[in-house]
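Here is the structure we will look at, set down as structure tokens.
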Amino acid sequence: MLWITVFSSAGCKADPVSCRLWAQSQLSGLSMTGDFVIGGIFSIHSYMRSEQNSYTRQPPQPQCSGRELRFARAMEFAIHEINNRTDLLPRIKLGYQIRDSCAAVPMSIKAVFQLANGVESVFNDTDSCLKYSAAAVSAVIGESGSTPSIMQVSHYATCACLSDKRQYPAFLRTIPSDHHQAAALARMVKHFGWTWIGAVRSDSDYGNNGMASFLKAAQEEGICVEYSESYYRTQPRSKLERVANVIRRSTARVIVAFLASGDMRFLLEELKRQSPPPLQWIGSETWITDPEFLRFNMCAGAIGFGVPRSVIPGLREFLLDLSPAQALKSPLLTEFWESSFSCSLKGLTGSSEGARECDGSEDIRALQNPYTDTSQLRITNMVYKATYAIAHAIHGVICNDTQCDKSATFTPWQLNTVNFTTKNGFQVTFDASGDPMATYELINWQVKTDGTLDFVTVGHYDSSKPRGQEFSISRVPVSVCSESCPPGTRKAVQKGKPVCCYDCIACAGEISNKTAFSIAGAFVAVSVAAVFYTHRTSPIVRANNSELSFLLLFSLALCFLCSLTFIGRPSEWSCMLRHTAFGITFVLCISCVLGKTIVVLMAFRATLPGSNVMKWFGPPQQRLSVLAFTLIQVLICVFWLTTAPPFPFKNLKHYKERIILECRLGSAIGFWAVLGYIGFLALLCFILAFLARKLPDNFNEAKFITFSMLIFCAVWVTFIPAYVSSPGKFTVAVEIFAILASSFGLIICIFAPKCFIIIFRPEQNNKKHLMDSKTALICLGKHEQSLTVL
């Protein structure tokens, strides 16, 4: 480690054996002597104000404002607690030197040098003024920021860069690395389906490294980033205004903010001047649990990861055990007391002029501020754990089973190995990189009944769990560049935009919402059934086997509707349903046509003298034959679904630039068995109808059945080569066309002539007209044999 200390050359010339510091070191802070002293550096104030250095005169001392006092006092509490224990560092007293960094790198470096070199103003050496005194502290807890935290045990520095043991061999931390947080944020964004986001970060080691890790993880998850902006609170205001305007003009409604608290405060104040559209904020751990930001209503609904909340027994009593006399012992505590109660502690140099004197009526327990609020002990617990980690490390180096050696010395990297459990139940251990296991609470800013915001834990993240099981989260809003395309359309990437931005254009049929033909066909079947039912007592309906006619119309309606199962995104259920529904409904339909054809043939045999063949083809036998033919197809489908059912599949081979969503058959044998059985019944029906086409009849139904079966067979014979050769999305179109064409062929050829006579030629719908046909006479009447053959 290279230490750089600036001395006054005039001091060396005046006294060759001594060097004097140019300025007195600042002792502002909290301190206590001990056998081993632990340093602490905290951002007790949030930022500093200083003049530009001219290098011609001594620079002024930085001035601070803001507060982070509770962390420092938590370190005090832990050290007092350790000193009262007999099992940890027995008969050893720990001391502390706590400094304020003002959340500024120059102040942090100055505080580190003071803690390492001591605070003496004169350095004596007979040879040179370039040496420094022995280190004043054994270890340092802090700083809150990542950049100045090298060579420390940090409670709040999360930069993944600090995990590099080659550069920072003595660095440890009790808060998880941003490597884990960045990956967790990316997985959370992916989990909620947010594919179009904005990003803003602190222009520091913390923000730049954290955002770089997040953007890499986001790219792997398929997340698009509209913009990535950086800002640091000491940069010109014009930079802050530019970042705010980028956020206001963006189309992304989700914004990931990897910002330190100070930078986030400046950004929100600037956005508050001209509020942007509602945003879904995703925060890093530095600000997502900071109560100060709850006053910004524009952050309602914000979500992000925070370290787990905890309870530290005894801490609240320690914080509240503060009297004016104790406050006077430290400038930091004096400032806290005076600013909290708007009064001046008597006798303090530099007290606010014009302020009333504190009279002793001030009650610290009545205060409501970050110092007294112990409901969100998150980072405070990290300080508590860091203090105990140092104590356990020192104990492991200087203590044996019986005693501890106060005079022992050690190097910083000797303090790397610890494994213990704190009094409040937290396991503390470090991996090879000096990092703890990453566990987070998912924090959501929710609106309470009184309109104010509050932190609510809505989930958890644990990096030790298997991938995909890290989260336990509730649902929150959606942010995408383009909304999901509706059925019947597909994505077309917008020129010059990321892949998450697209237009929705009509697709060629692989996913469609066009149902006009299917619904129309089903409506025609229902309409014909209504006409037949209305004229069910008329001769033409009774003569054409009304029971099978109604069953045939029902099956045709199902055939039209089964084409709807081919519409939409394929799923496991739709893939299985579309083929089985098609196979069963068409067999039911062909079975009815086959039954009508057999009845026509057998009716003429019944006209022969002494023939009683029709008793074997009455209504019970017709129903049984339809049931038997259909049951065979059901068994084939059951066997298909239980062995190798159809399943959804993403076809990536046919088109390199597109993904075709389709249903794989599973078992090709099952598919062709279903189709082959339909073809067998259709061919049998066609042959029988063809044989009966010339039977004498004024209304020979066999002719119409022959035409319908001819169309049916022609459609399905041409379907086979078309289906096999159709690429990707056209396969579904071919199937739907075959279903609709064959269904319309059946309903038009078989029922259109009958409906024409019933509606437009009612004079032909009488018994006399049908008497010229012996077949009609046989079929006419109840149970198709109630009339006498003339």
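The values are calculated or read from the model by the stated rules, or taken from the named source; none is laboratory data. The structure displayed is predicted, hence computed values, not measured ones. Cβ: placed from backbone, ideal geometry, glycine included. Neighbour counts: every protein chain shown.
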All but one of (1) at pLDDT below 80; (2) part of a helix (DSSP H, G or I); (3) among the polar types (S, T, N, Q) hold for residue 698; which doesn't? (2)
As an exercise: evaluate residue 635 against (1) part of a helix (DSSP H, G or I); (2) in contact with a helix residue (DSSP H, G or I) (Cβ under 7 Å, 6 or more places away or on another chain); (3) at pLDDT 80 or above and give the number of the one condition it does not meet. (2)
Please verify whether residue 180 is touching a helix residue (DSSP H, G or I) at 6+ places or on another chain (Cβ under 6 Å), at pLDDT below 90, within 14 Å of residue 285 (Cα to Cα) and not polar (S, T, N, Q), treating the condition exactly as stated. no
Using the structure shown, decide if residue 188 is under 27 Å from residue 468 (Cβ atoms), in a helix (DSSP H, G or I) and modelled with pLDDT under 90. yes
Have a look at 495, 448 and point out the one that is more than 30 Å from residue 179 (Cα to Cα), outside the structural domain of residue 294 (by TED's automatic domain parsing) and either at pLDDT 85 or above or not aromatic (Phe, Trp, Tyr) (or both). 495
Between residues in region 504-527 that are within 15 Å of residue 741 (Cβ to Cβ) and in the same structural domain as residue 648 (by TED's automatic domain parsing) and residues that are modelled with pLDDT under 60 and surrounded by 12 or more Cβ atoms within 10 Å (Cβ to Cβ), which pairs lie under 8 Å by C-beta distance while being six or more apart or on different chains? none
Report those helices (runs of 4 or more DSSP H) wholly inside region 234-340 carrying at least 2 residues which are of a type in the set (Gly, Ala, Ser) and in contact (Cβ under 8 Å) with a residue 12 or more places away in the chain. 261-273
For region 68-80, does any single residue satisfy the condition of being β-branched (Val, Ile, Thr), touching a Phe, Trp or Tyr at 6+ places or on another chain (Cβ under 9 Å) and at pLDDT below 95? no
Filter pass, residue 739 being surrounded by fewer than 17 Cβ atoms within 10 Å (Cβ to Cβ), within 19 Å of residue 584 (Cα to Cα) and either at pLDDT below 80 or assigned by TED's automatic domain parsing to the domain that holds residue 565 (or both): no
Output yes when any residue across region 563-581 is under 25 Å from residue 526 (Cα atoms), modelled with pLDDT of 90 or more and in a helix (DSSP H, G or I), and no when none is. no
Can you find a residue in region 419-428 that is within 19 Å of residue 388 (Cβ to Cβ), touching a strand residue (DSSP E or B) at 6+ places or on another chain (Cβ under 8 Å), at pLDDT below 85 and not in a loop (DSSP other than H, G, I, E, B)? no
